[in-house]
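Encoded as structure tokens, the structure appears first; notes follow it.
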Amino acid sequence: MADIEQISIYKLKKTVKTFEDCVKKDTKGQPLESFLKYTSINHNGIIGKWWYSKGEAKEKNASNIPWVNFMNEALEDKISIEYANLYPRGLFLYKIIIDNEDNYFAMTFGLGGDKNINKNKIIPDFGIKVAMNICNPDEIKSVQTSQHEAISIQSEKQILSGAGLSVFNIDYNDEFFKRIIGKTKEQYNYISSVTGGEKIQLKFNKDKPLTWDSIKEITIELNTLYNSESYKNTEFKSFDNWSFEKDEEKIKELNKKLVEEINNNKFDKISLCVPEFIDINKINFKYEEAENNNHEELNLIEYINTLRSNKVFISTLQNKNIYIYDKETEVTYPKWKVFQCIVAEILDKDDVCYILYNGLWRRISTDFKQIVNNYLNNHNIKFDENILVDELPNNINIYDTTLKQDREEIFNKKSAKNNDKLFLFDKSKIDIANEKIYEICDILTTNKELIHVKKYKTGAASLSHLFTQAKLYSEAIIINTDTRKTMVEFIEKESNNIESVNYGKNKDAFKRILPLTNRLHESDYTVVLCILTKENIQLTDLPFMTQYEIYKMDDYLRRNRGFNVKYLNRKVTMH
């Protein structure tokens, strides 16, 4: 073992009582890989099971490598290539008695060494909690986070030399820690670096390699680190705002509630999204491998409509795949289980809020939720029923019969048409930081109101862009002269365009509120967020994460920048 560069270790849940409980099972409850293939180990007090595979050979030749095939069409001297790769892998399951109880762990080796592990049985925050407690807070090299409200927005920030966590500019209340990489504290000097996520990856110093004599000692130390709360005295303390739920009975309760909500067509706080980094320009999605349709984005209702049964079961969500269609190779392959792609907010029987993300339930801390609720109450943030009543009416039909979609742009056009107080900016290309960006706002009013409109259908993700747009673009109008210049040019052009809903409007009335000299004053302008729904709702009916986004955006625009901020809800006809 002296030459091993690194190992990966998972910790299994307390419900695991045998080695067989650790591995994946088929529908009949039998291990996918026969347990007879696992070799028993009893060495230096370590009891375990060992599985090894030479790996799957993947043959390559000129005919199945697309770029070689392409070039051969033009080459006289054709490329000839044949080879096969082998990826050996190993899985070592072992148990250690800690506090008079058997604790099960899995050590993996090679690419795909974890392929047989039952991921439903691992403790999902083992690696990251160990890493938070073991890392030197001044030598963090990489932090990977994800944001619940924006779902598909994930972030990985790296610093080659290592630095304090503050350098990574993380919004601790908004971002989940998914993985961290860094150097260890001095007392763990046998490890040169650590990577923590659902598993802990340790890279050992060459002069202090892993040995059979040290496995037990190191594992017990990692288990102690997992149970330590020392990270709560660091900037990692926000991890507890979104703590993993590990109680299996609670998870069953939440899964049952999730299925009930889906089967009752309650999608307002449930949606599908991509759970990891992926190049969305190169792929499409499929819900069935042989499906003719390619989907540019995931949609829960579309997925459910592909099912043969009108009823969803938790087994359906956990066992059926979401497929990737690779545009370059024209190959379709399974990528995730549907359950991994569901994002949901569920209240348990005690009204505690849980969120489902990447197949794992997290509990929103009561203290964190109270901070958001207090802000909304103290600043009287709610939907205002007394402004823009005539300008932005209820009951507009926003269904596009050609695209067969509900579109907020229809609401914007119908509202702005024949209304001299409103200038439609939806789909405009406005200059921000020397780039052409869509939708500086959806509608500008003569009363210096910057209106942003978004339909709300399923989940917090459907509104995430609304808050980003309002926050960034409103500020650009105030401080960026080029932005206002492009807006004025758009007003000039559109007011003279006979095919535009802006045709014939008093362009000077709108140009006056966008002077091209000096910096404007935020307090003279009002940012209006208009949310379209099938039925009129209260702001507190929105998902908690949407309320949190409102809190963040409002605090920035109102307190930091000085804008007036208003919120509207308009009932529209959707299909």
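The values are calculated or read from the model by the stated rules, or taken from the named source; none is laboratory data. Computed from a predicted model, the values in this text were never measured in an experiment. Backbone-built Cβ (ideal geometry, glycine too); neighbour counts: all protein chains shown.
Points worth noting:
- Selection within the stretch 308-367 - more than 22 Å from Glu288 (Cβ to Cβ) and among the hydrophobic types (A, V, I, L, M, F, W, C): Ala344, Ile346, Leu347, Val352, Cys353, Ile355, Leu356, Leu360, Trp361, Ile364
- Residues considered: Glu229, Glu221. Of these, the only one that is exposed (fewer than 14 other Cβ atoms within 10 Å of the Cβ), in the same structural domain as Ile134 (by TED's automatic domain parsing) and touching a helix residue (DSSP H, G or I) at 6+ places or on another chain (Cβ under 9 Å) is Glu229.
- Applying the set (1) at pLDDT below 90; (2) within 23 Å of Met545 (Cβ to Cβ) to Asp431 leaves exactly one unmet item: (2).
- Scanning the stretch 535-575 for residues that are part of a strand (DSSP E or B) and under 22 Å from Asn447 (Cβ atoms) yields Asn564, Val565, Lys566, Tyr567, Leu568, Asn569, Arg570.
- Qualifying position, being out of contact with any His (no Cβ under 8 Å at 6 or more places or on another chain), in the same structural domain as Leu392 (by TED's automatic domain parsing) and in a loop (DSSP other than H, G, I, E, B), among Leu472, Leu463, Leu532, Leu520: Leu520
- Residue list for the stretch 189-218, filter: farther than 19 Å from Gly110 by Cα, charged (D, E, K, R) and surrounded by 14 or more Cβ atoms within 10 Å (Cβ to Cβ): Lys216
- Conditions (1) in contact with a Ser or Thr (Cβ under 7 Å, 6 or more places away or on another chain); (2) more than 28 Å from Glu198 (Cα to Cα): number failed by Ile304: (1)
- Check on Lys129, in contact with a Lys or Arg (Cβ under 7 Å, 6 or more places away or on another chain) and closer than 25 Å to Arg363 by Cα: no
- Single match in Leu376, Leu317, Leu356, Leu392 (criterion: surrounded by fewer than 19 Cβ atoms within 10 Å (Cβ to Cβ) and either in contact with a helix residue (DSSP H, G or I) (Cβ under 8 Å, 6 or more places away or on another chain) or charged (D, E, K, R) (or both)): Leu376
- Which numbered condition Thr219 misses (of (1) of a type outside the set (Gly, Ala, Ser); (2) in contact with a strand residue (DSSP E or B) (Cβ under 7 Å, 6 or more places away or on another chain); (3) at pLDDT below 90): (3)
- Of residues in the stretch 464-485 being surrounded by fewer than 19 Cβ atoms within 10 Å (Cβ to Cβ) and of a type in the set (Ser, Thr, Tyr), the one modelled with the lowest pLDDT: Thr468
- From the options Glu245, Glu297, Glu260, residue that is within 19 Å of the chain's Cα centre (by Cα) and within 30 Å of Glu535 (Cβ to Cβ): Glu297
- Answer residue from the stretch 30-63, given it is exposed (fewer than 13 other Cβ atoms within 10 Å of the Cβ) and in a strand (DSSP E or B) and is modelled with the lowest pLDDT among those: Lys58
- Test result for Lys457, modelled with pLDDT under 80, within 22 Å of Glu549 (Cα to Cα), basic (Lys, Arg) and under 24 Å from the mean Cα position of the chain (by Cα): yes
- Tally of residues being surrounded by 12 or more Cβ atoms within 10 Å (Cβ to Cβ) and without any contact (Cβ under 8 Å) to a residue 40 or more places away in the chain across the stretch 300-314: 4
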